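See below for the structure under consideration.
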Amino acid sequence: MEKIDDLIKRVQFYFREVTVEELMTSPVFTIHQAQATFRAKEAMRLRHFSGIPVVDERNQLVGIISIEDIIHALESGNLNAPISQNMSRDVVTLSKDELIVDVAKKFELHGFGRFPVIDEKKRVIGIVTQHDLITILLSKLSILYVHDARREPFVHVDNYRSIPTGVDLKKEVPEFQFDIDYMDVSLSGIGASKLKKFLRSKGFSPKFVKRVAIATYEAETNVVIHSGSTGIINAYFKYGVLTVRVKDEGKGIEDVDMAMHEGFSTAPDYIREMGFGAGMGLANIKRCSDRMMIISERGKGVLIEMNFWGRENENIRA
Amino acid sequence: MRTSELENLGFKRITKGDGELKHGYTCDLLSEVMANAESDTVWFTVQSHINVVAVAAITGINAIVLCNGHEFDEETIEKAKDEKISLFTTSLNAFEASGKLYDKGLR
């Protein structure tokens with residue numbers, strides 16, 4: 001847990017506006033205080049909970065029962081007693097408007113594994129666990145997700161939602177679209193240049209647009225050099241996140257992990273003589289984007305999604 | 001300084017254009033250039049194909065100096081006009097050419 005707190009402190013900037021409402025699990029499973037304690041034990045076993053908020057008949061929070069409380073009840077042969085006799089009453093709660101930084105402080109201060117979220121009438125509306133914190137850290141940070149096609153069912157590519165925004169890109173009409181319909185490597189960058197001009201015309205700042213353009217250029221060049229097919233560049237802007245997707249139907253990447261290594265390249269000599277093929281493309285994309293994901297498999301094309309949002313001391317608007 | 005000052009330093013101008021120069025960068029690997037060159041840069045290279053213009057436009061490079069007596073492809077020149085990138089050539093190698101701008105205070 002110390003590590004998570006530490007991580008949150010270091011990256012507070014990116015999370016300064018994330019509220020409890022965004023990270024909590026909701027609706028939440030609760031249990032009535034008059035129930036026998038073994039019912040709570042069964043619910044935990046079946047649903048893999050480590051703690052359950054306890055409520056009264058008005059659905060108001062009165063306590064929490066954790067695995068630790070169950071162990072105590074077991075030791076004292078109290079499993080048939082009402083939960084109200086075995087639960088912990090000193091519950092630390094959250095409200096939906098609290099910020100992630102405050103949540104991290106509460107985890108640090110109290111050492112509890114979970115915090116119920118309550119409304120003004122003390123009704124439980126959600127729960128925040130350490131797992132929720134980690135999930136939001138991973139999805140918001142610049143974490144690289146590398147997937148091969150076998151994992152598509154798990155990342156829901158068919159009905160794909162952009163992870164940071166939750167936007168279903170299948171249903172969105174891209175604000176920018178460019179067909180990579182040429183195979184001549186010396187032409188590479190036409191799409192990225194067009195995207196750059198488009199974004200500048202939409203009022204994005206030069207600094208922000210530069211890194212979007214560089215990442216897009218690298219992805220576009222990869223399509224031209226490596227895919228052996230045509231491709232498409234789409235860009236979307238929603239909820240403060242710019243998403244650029246570059247997709248081809250070509251040869252695919254046999255070993256994505258290997259391809260990510262700086263300096264590794266499968267480009268032929270004539271390409272290298274032109275100053276390409278240094279094995280820096282994907283590394284450049286990773287550096288310039290705030291998050292990227294690659295999905296590929298041999299023979300199945302490549303999909304690269306890049307997400308951009310503001311960095312520290314960077315305005316995304318001009 | 002302005003790109004026009006490159007002419008005074010003996011570099012041969014190939015395309016028109018004016019722009020601010022605050023930095024210099026010398027390299028022939030395109031990804032390296034994009035990853036490391038600042039905006040408002042003069043770029044020294046031996047790459048002459050059309051793609052250097054795209055790299056310059058994306059990176060914010062205002063002038064390209066082609067070293068070692070190489071010549072730009074015709075399509076590179078046309079594209080540079082479109083993108084308003086100043087092209088120059090020199091018979092100096094990249095080290096010597098860069099040194100002239102280093103002397104003038106560019107970093």
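The values are calculated or read from the model by the stated rules, or taken from the named source; none is laboratory data. Everything quoted here is computed from the prediction, not taken from an experiment. Glycine gets a Cβ as well: all are built from the backbone with ideal geometry, and neighbour counts include every protein chain shown.
The table below gives the values:
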item	result
Failed criterion for residue B:99 (all others in (1) more than 29 Å from residue A:282 (Cβ to Cβ); (2) surrounded by fewer than 18 Cβ atoms within 10 Å (Cβ to Cβ); (3) touching a residue at least 40 places away in the same chain (Cβ under 8 Å); (4) out of contact with any Lys or Arg (no Cβ under 9 Å at 6 or more places or on another chain) hold)	(3)
Matching residues, the range A:249-281, being within 10 Å of chain B (Cβ to nearest Cβ) and aliphatic (A, V, I, L, M)	A:274, A:278, A:280
Residue count, the range A:184-205 (criterion: within 8 Å of another protein chain (Cβ to nearest Cβ), in a helix (DSSP H, G or I) and either more than 17 Å from residue A:315 (Cα to Cα) or in contact with a Lys or Arg (Cβ under 7 Å, 6 or more places away or on another chain) (or both))	6
Meets criteria (buried (at least 21 other Cβ atoms within 10 Å of the Cβ) and either within 22 Å of residue A:302 (Cβ to Cβ) or hydrophobic (A, V, I, L, M, F, W, C) (or both)) for residue A:264	no
The range A:168-183 - residue that is within 14 Å of chain B (Cβ to nearest Cβ) and under 17 Å from residue A:245 (Cβ atoms) and, of those, surrounded by the fewest Cβ atoms within 10 Å (Cβ to Cβ)	A:178
Set B:18, B:82: member being assigned to a helix (DSSP H, G or I) and within 23 Å of residue A:196 (Cα to Cα)	B:82
Selected residue [over 11 Å from the mean Cα position of the chain (by Cα) and part of a loop (DSSP other than H, G, I, E, B)] from B:101, B:106	B:106
Test result for residue A:72, outside the structural domain of residue A:304 (by TED's automatic domain parsing), exposed (fewer than 15 other Cβ atoms within 10 Å of the Cβ), out of contact with any Cys (no Cβ under 9 Å at 6 or more places or on another chain) and at pLDDT below 85	no
Candidate set: the range B:50-77, residues that are more than 8 Å from chain A (Cβ to nearest Cβ) and touching a Gly at 6+ places or on another chain (Cβ under 7 Å); chosen: the one farthest from residue A:196 (Cα to Cα)	B:63
Neighbours by Cβ (under 8 Å, 6+ apart or cross-chain): first from the range A:293-317, in the same structural domain as residue A:230 (by TED's automatic domain parsing); second assigned to a strand (DSSP E or B) and among the small types (Gly, Ala, Ser)	A:302/A:296; A:303/A:296
Residues (among the basic types (Lys, Arg) and out of contact with any strand residue (DSSP E or B) (no Cβ under 7 Å at 6 or more places or on another chain)) located in the range B:53-107	B:79, B:81, B:84, B:100, B:104
Some residue of the range B:21-44 being aliphatic (A, V, I, L, M), more than 14 Å from chain A (Cβ to nearest Cβ) and in a loop (DSSP other than H, G, I, E, B)	yes
Every residue from the range A:294-318 that is outside any loop (DSSP other than H, G, I, E, B), modelled with pLDDT of 85 or more and more than 16 Å from the chain's Cα centre (by Cα)	A:302, A:303, A:317
Odd one out for residue A:237 among (1) outside any loop (DSSP other than H, G, I, E, B); (2) away from chain B (no Cβ under 14 Å); (3) over 20 Å from the mean Cα position of the chain (by Cα); (4) not basic (Lys, Arg)	(3)
Candidates A:250, A:263 - the one that is in contact (Cβ under 8 Å) with a residue 24 or more places away in the chain, in a loop (DSSP other than H, G, I, E, B) and of a type outside the set (A, V, I, L, M)	A:250
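So that you can scan it fast, the table gives a plain yes or no per residue for (1) β-branched (Val, Ile, Thr); (2) away from chain B (no Cβ under 14 Å):
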site: A:216; (1), (2): yes, no
site: A:245; (1), (2): no, yes
site: A:297; (1), (2): no, yes
site: A:318; (1), (2): no, no
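This table checks each residue for (1) closer than 17 Å to residue A:306 by Cβ; (2) touching a helix residue (DSSP H, G or I) at 6+ places or on another chain (Cβ under 6 Å); (3) not aromatic (Phe, Trp, Tyr).
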residue: A:173; (1), (2), (3): no, no, yes
residue: A:186; (1), (2), (3): no, yes, yes
residue: A:191; (1), (2), (3): yes, yes, yes
residue: A:195; (1), (2), (3): yes, yes, yes
residue: A:200; (1), (2), (3): no, yes, yes
residue: A:203; (1), (2), (3): no, no, yes
residue: A:207; (1), (2), (3): yes, no, yes
residue: A:211; (1), (2), (3): yes, yes, yes
residue: A:214; (1), (2), (3): yes, yes, yes
